[in-house]
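A.B. asks: Pasting a structure below so you can have a look.
The values are calculated or read from the model by the stated rules, or taken from the named source; none is laboratory data. Quantities reported herein were computed from a predicted structural model and do not represent experimental measurements. In this analysis, Cβ positions are derived from the backbone assuming ideal geometry, glycine residues included, and neighbour counts consider all displayed protein chains.
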Amino acid sequence: MRPLHRRLGSALLALGFSGSAAAACIATAPSGIHRQTDEGGDAGAGGDQAGFIDASGPPEAGLADVAPADPHAVIGAEPAHGPFNGGQRVLVRGKGFASKVRVWFGDKEADPASLVQIDTARVQVAAPPGKAGPVDLSAQDGDDESTRRTLVGGYAYDALYAAPNEGPVAGGTVIEIVGQGTAWGAATTAKVDQKPCTTLVVESKTLLSCTVPKGTPGSKSLSVKTGDDTIVVLDAYTYQDSQNGFKGGLSGPILAGKLRVLVYDNYSGDPIGGAYAVLGPSLAGGLVKQADASGVIQFDDPSLTSPKTVTVAATCHSPITFVAEPVDTVTAYLDPVMDPSCGQGGDPPPVGYKPSDQGMISGEITWGAGVEFNKAPWKNVPPPIGPNEKQTAYVFVAGEDATAAFQVPSPGAASAIHPETPGEKGYAFSTTAYAGNRSLYAVAGIQDDTQVPPTFTAYAFGVVRGLPVLPGGVVDLVYIPMTKTLDQALTWQVTSPPPGPKGPDRLRASVAIMLGNDGFALLPAGQQTPLLPVAPTLPFVGVPSLDGDLAGAQYISSARAVTGPAYQAPMSVVGRMLSNTTSQPVVVDGFVGIPTLGTPAQNAAWDGHHLATTYAKGAPVDLTVYDVTAANGLIHWTIAVPGGDNEVELPDLSGFDRAGLRPGPVLISVLGGRVAGFDYKQLRYRDMRQQGMTAFALDYFNAHL
């Protein structure tokens, strides 16, 4: 993240405060600050980036403004700004830092547990939460106040941040813009990369809901304007080629004679001119219209006063249906069909990640300071006992799936770190990560590669958060303090789902660490697979305490009742059970009953228009999602239905050019689940996925069309 938080009001550049405050900050800024544009962008496109402390040169470069006789100084921070909720990794540069150095952001001291002293001129800390605007940056050696030095306005807290702060270049991501000390209202506007939000809802004076417009890869500005007051954070949102699901869906007031449908390509974000919208369960008696060149379909009809079935389809795209759609706006993102016949003379559209989306992170894992700032030994990892055991550590990027299994890299992997690994302060590592604000975590323990599979027993854990990764960029001088021991036990109290005739027959239980909006840290001891029914008490031994570097993090527990050793459907899953202490057990219950598809019958002919499902006894269902795939998975039809047991009628799409399913075998998945704070009127694509549900049941059924 490169720094600049600007507030433009009454012709003042004041970092959200008065012109005199900004002048004080600028006047005391070190000579290493300069402006730099966003990589791959230009100032005119909203890509210009503000200055940052130049990390090149020796550690004490840039001391020209510091009196040579003064043995202590604070020179600057990299990055020089960050979100007001804190947690960001900051590299503080100065002079005369001793082994017990302390750092303050204004009057708030950085958590000593997050501090890594690199040498006498550099220290890494996690910024504490603060008040929006510039604050003084101070450092002091222990309790010796005579060593305290302050850089006036050395760090600035941004007055807003986005959650989530990244999404696909196609746009459509629905983000929350969270402000501090703001007075947003009906006249407020918001822009991402100088482009207005597609939709903007003012939730409160400090909270906006923004649908992100289409963009280009990279870190972009986020600005909010109310009257003459504008807040700009230059790198608050990152576009990348990914699908996070916070997009599309239903919005607006209740139907009252008008309905607008917006249709976009799910991969490119381009509007789909000529797309069809069908209102009603069938074409007979329904309303049908085509989109204009901007992908907009507008219905004006007095009959639109009660929920309708809305189906959106387009040539060479997979359709989607919202049953009993109750509001006046539908935003549909349709997947293109990956078939050469749909390539219009060329290749099908590209999907997935691109190598250019990645950046590099390098640094060291550390165990504190050794003699004369040399590396310290692995003090919280026991020495090897047998000849085949070896002290080993790995560094990982926080992931998006809290239920994934912890994977030990293959024997001899280059990513393995050992006591003989070179480094100055600690033990060197490097890894790649996709663009955005990333968190890293490291685990260290004893590994035996002669076992099949290799065994890895973890003892130590470390984390660093808020690393700004740019496409093709490098974030270096990142230090992960291995301060945490994996010596806590988190206990579950389980109410098992009953085994069914087809399954499930076992529980795949997992515990991970949720690092705020930055993703999940997987734990080596975080997975178990007991057979059903499970004993009422299930302990997980080997989790870290949530203090120090992990303050504000949470344990996230997920229980997947699955079938067979491959953990397949039928399955019932309870996820996102959050806790912040090991002193109280986690209650694991609320499993959703397994769905049964009544129409069509298993392996029977399907008319393509009717579906019916019932659920076994279990927790109530907020949403049922059918996904019918045909043509060996090339095309699929998604149908969202509020509630559990249901009977659905679908329109005939065969008259539209390559817009519906193709004759032949079809696979019908039935997903029914609960969504936190569920409101069908505000349905998002993420709510229709397993990742967006707090609990769900899933099964698959075969038929032919």
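A.B. asks: Working carefully through the options Val310, Val263, find the one that is modelled with pLDDT of 95 or more, assigned to a strand (DSSP E or B), β-branched (Val, Ile, Thr) and within 25 Å of His609 (Cα to Cα).
C.D. replies: Details: Val263 fails: modelled with pLDDT of 95 or more.
Result of the check over Val310, Val263: Val310.
A.B. asks: List the pairs whose first member sits in region 161-173 and is at negative phi and of a type in the set (S, T, N, Q), whose second member is in a loop (DSSP other than H, G, I, E, B) and surrounded by 23 or more Cβ atoms within 10 Å (Cβ to Cβ), and whose Cβ atoms are under 9 Å apart, counting only residues at least 6 apart or on separate chains?
C.D. replies: As it stands, the answer is Thr173/Val212; Thr173/Phe246, since those pairs meet every condition given.
A.B. asks: Ala697 - would you say it is in contact (Cβ under 8 Å) with a residue 12 or more places away in the chain, farther than 26 Å from Tyr267 by Cβ, in a strand (DSSP E or B) and small (Gly, Ala, Ser)?
C.D. replies: Details: in contact (Cβ under 8 Å) with a residue 12 or more places away in the chain: yes; farther than 26 Å from Tyr267 by Cβ: yes; in a strand (DSSP E or B): yes; small (Gly, Ala, Ser): yes.
Here the answer is yes, as Ala697 does meet what is asked.
A.B. asks: Looking only at residues in region 320-341 that are outside any strand (DSSP E or B) and in contact with a Leu (Cβ under 9 Å, 6 or more places away or on another chain), which one is surrounded by the most Cβ atoms within 10 Å (Cβ to Cβ)? Reasoning before the result, please.
C.D. replies: Our first condition is that a residue be outside any strand (DSSP E or B); within region 320-341, this holds for 326, 335, 337-341.
Checking which are in contact with a Leu (Cβ under 9 Å, 6 or more places away or on another chain) leaves us with 326, 337-339.
Numbers: Pro326: 17, Val337: 22, Met338: 18, Asp339: 14.
So, considering only residues that are outside any strand (DSSP E or B) and in contact with a Leu (Cβ under 9 Å, 6 or more places away or on another chain), the one surrounded by the most Cβ atoms within 10 Å (Cβ to Cβ) is Val337.
A.B. asks: Mind checking which residues of region 278-296 are closer than 22 Å to Val641 by Cβ and among the aliphatic types (A, V, I, L, M)? Show your work before the answer.
C.D. replies: Going through region 278-296, the residues closer than 22 Å to Val641 by Cβ turn out to be 278-288.
Once the filter is applied, which keeps residues that are closer than 22 Å to Val641 by Cβ and among the aliphatic types (A, V, I, L, M), region 278-296 yields Val278, Leu279, Leu283, Ala284, Leu287, Val288.
A.B. asks: So how many residues does region 526-548 have that are in contact (Cβ under 8 Å) with a residue 40 or more places away in the chain and in contact with a Leu (Cβ under 7 Å, 6 or more places away or on another chain)? Before you say what the answer is, go through the steps one by one.
C.D. replies: Residues of region 526-548 in contact (Cβ under 8 Å) with a residue 40 or more places away in the chain: 526-527, 534-545, 547-548.
So of that shortlist, the ones also in contact with a Leu (Cβ under 7 Å, 6 or more places away or on another chain) come out as 534, 540, 542-544.
Counting residues in region 526-548 that are in contact (Cβ under 8 Å) with a residue 40 or more places away in the chain and in contact with a Leu (Cβ under 7 Å, 6 or more places away or on another chain) gives 5.
A.B. asks: Follow-up. What about Asp119, is it surrounded by fewer than 20 Cβ atoms within 10 Å (Cβ to Cβ) and touching a helix residue (DSSP H, G or I) at 6+ places or on another chain (Cβ under 7 Å)?
C.D. replies: Values: surrounded by fewer than 20 Cβ atoms within 10 Å (Cβ to Cβ): yes; touching a helix residue (DSSP H, G or I) at 6+ places or on another chain (Cβ under 7 Å): yes.
Answer is yes for this residue.
A.B. asks: Another question, if that's okay. Output yes when any residue across region 445-461 is under 27 Å from Pro83 (Cα atoms) and in contact with a Ser or Thr (Cβ under 9 Å, 6 or more places away or on another chain), and no when none is.
C.D. replies: So the first thing to find is which residues in region 445-461 are under 27 Å from Pro83 (Cα atoms), and the list is 461.
So of that shortlist, the ones also in contact with a Ser or Thr (Cβ under 9 Å, 6 or more places away or on another chain) come out as 461.
Yes, there is a match, as at least one residue in region 445-461 is under 27 Å from Pro83 (Cα atoms) and in contact with a Ser or Thr (Cβ under 9 Å, 6 or more places away or on another chain).
A.B. asks: Could you identify the single residue in Thr189, Thr230, Thr182, Thr216 that is buried (at least 22 other Cβ atoms within 10 Å of the Cβ) and polar (S, T, N, Q)? If you could, list the steps in order and put the result at the bottom.
C.D. replies: Values: Thr189 fails: buried (at least 22 other Cβ atoms within 10 Å of the Cβ); Thr230 fails: buried (at least 22 other Cβ atoms within 10 Å of the Cβ); Thr216 fails: buried (at least 22 other Cβ atoms within 10 Å of the Cβ).
Of Thr189, Thr230, Thr182, Thr216, the one residue that is buried (at least 22 other Cβ atoms within 10 Å of the Cβ) and polar (S, T, N, Q) is Thr182.
A.B. asks: Can I ask one more? Across region 457-496, which residue is farthest from the chain's Cα centre (by Cα) among those that are assigned to a loop (DSSP other than H, G, I, E, B) and of a type in the set (Val, Ile, Thr)? Step through it out loud before you land on a result.
C.D. replies: Within region 457-496, the subset assigned to a loop (DSSP other than H, G, I, E, B) is 470-473, 482-483, 486-487, 495-496.
Checking the rest, the ones that are also of a type in the set (Val, Ile, Thr) come to 483, 495.
Numbers: Thr483: 25, Thr495: 30 Å.
Going through the qualifying residues, I end up with Thr495.
A.B. asks: Let me ask something else. Just checking, does region 578-599 include any residue being in a loop (DSSP other than H, G, I, E, B), closer than 30 Å to Leu283 by Cβ, in the same structural domain as Phe678 (by TED's automatic domain parsing) and not hydrophobic (A, V, I, L, M, F, W, C)?
C.D. replies: Just the residues of region 578-599 that are in a loop (DSSP other than H, G, I, E, B), to begin with: 580-585, 589-591, 593-594.
Among the residues that remain, those that are also closer than 30 Å to Leu283 by Cβ are: none.
No, because not a single residue in region 578-599 is in a loop (DSSP other than H, G, I, E, B), closer than 30 Å to Leu283 by Cβ, in the same structural domain as Phe678 (by TED's automatic domain parsing) and not hydrophobic (A, V, I, L, M, F, W, C).
A.B. asks: Okay, moving on. Within region 616-663, track down each residue that is of a type in the set (Asp, Glu) and either out of contact with any His (no Cβ under 7 Å at 6 or more places or on another chain) or in a strand (DSSP E or B) (or both).
C.D. replies: Narrowing region 616-663 to residues of a type in the set (Asp, Glu): 622, 627, 645, 647, 649, 652, 657.
The answer is Asp622, Asp627, Asp645, Glu647, Glu649, Asp657.
A.B. asks: Additional query: Just name the residue that is nearest to Thr495 (Cα to Cα) out of those in region 589-605 that are more than 30 Å from the chain's Cα centre (by Cα) and surrounded by fewer than 20 Cβ atoms within 10 Å (Cβ to Cβ). So that I can check it myself, show each step before the final result.
C.D. replies: So in region 589-605, the residues more than 30 Å from the chain's Cα centre (by Cα) come out as 596-605.
Still in the running and surrounded by fewer than 20 Cβ atoms within 10 Å (Cβ to Cβ): 596, 598-599, 601-605.
Details: Thr596: 22, Gly598: 28, Thr599: 31, Ala601: 32, Gln602: 31, Asn603: 34, Ala604: 36, Ala605: 39 Å.
Checked region 589-605; the qualifying residue nearest to Thr495 (Cα to Cα) is Thr596.
A.B. asks: A follow-up question, please. Being among the small types (Gly, Ala, Ser), under 29 Å from Ala376 (Cβ atoms) and in contact with a Leu (Cβ under 6 Å, 6 or more places away or on another chain) is true for just one of Ala489, Ala512. Which residue is that?
C.D. replies: Ala512
A.B. asks: Something else about it: From the list Gly643, Gly677, pick out the single residue that is under 21 Å from Leu578 (Cα atoms) and without any contact (Cβ under 8 Å) to a residue 40 or more places away in the chain. Give the derivation first.
C.D. replies: Values: Gly643 fails: under 21 Å from Leu578 (Cα atoms).
Gly677 is the lone residue from the list that is under 21 Å from Leu578 (Cα atoms) and without any contact (Cβ under 8 Å) to a residue 40 or more places away in the chain.
A.B. asks: Out of (1) under 21 Å from Tyr267 (Cβ atoms); (2) out of contact with any Pro (no Cβ under 9 Å at 6 or more places or on another chain); (3) not hydroxyl-bearing (Ser, Thr, Tyr), what's the single condition that is false for Pro663?
C.D. replies: Condition (1) is where Pro663 drops out.
A.B. asks: Follow-up question, since we're still on this one. For region 69-111, how many residues are over 13 Å from Gly466 (Cβ atoms) and either in a strand (DSSP E or B) or more than 27 Å from the chain's Cα centre (by Cα) (or both)?
C.D. replies: Number of matching residues: 26.
A.B. asks: Conditions: (1) surrounded by fewer than 20 Cβ atoms within 10 Å (Cβ to Cβ); (2) touching an Asp or Glu at 6+ places or on another chain (Cβ under 9 Å); (3) within 12 Å of Thr321 (Cβ to Cβ). Ile639 meets all but one. Number of the miss?
C.D. replies: (1)
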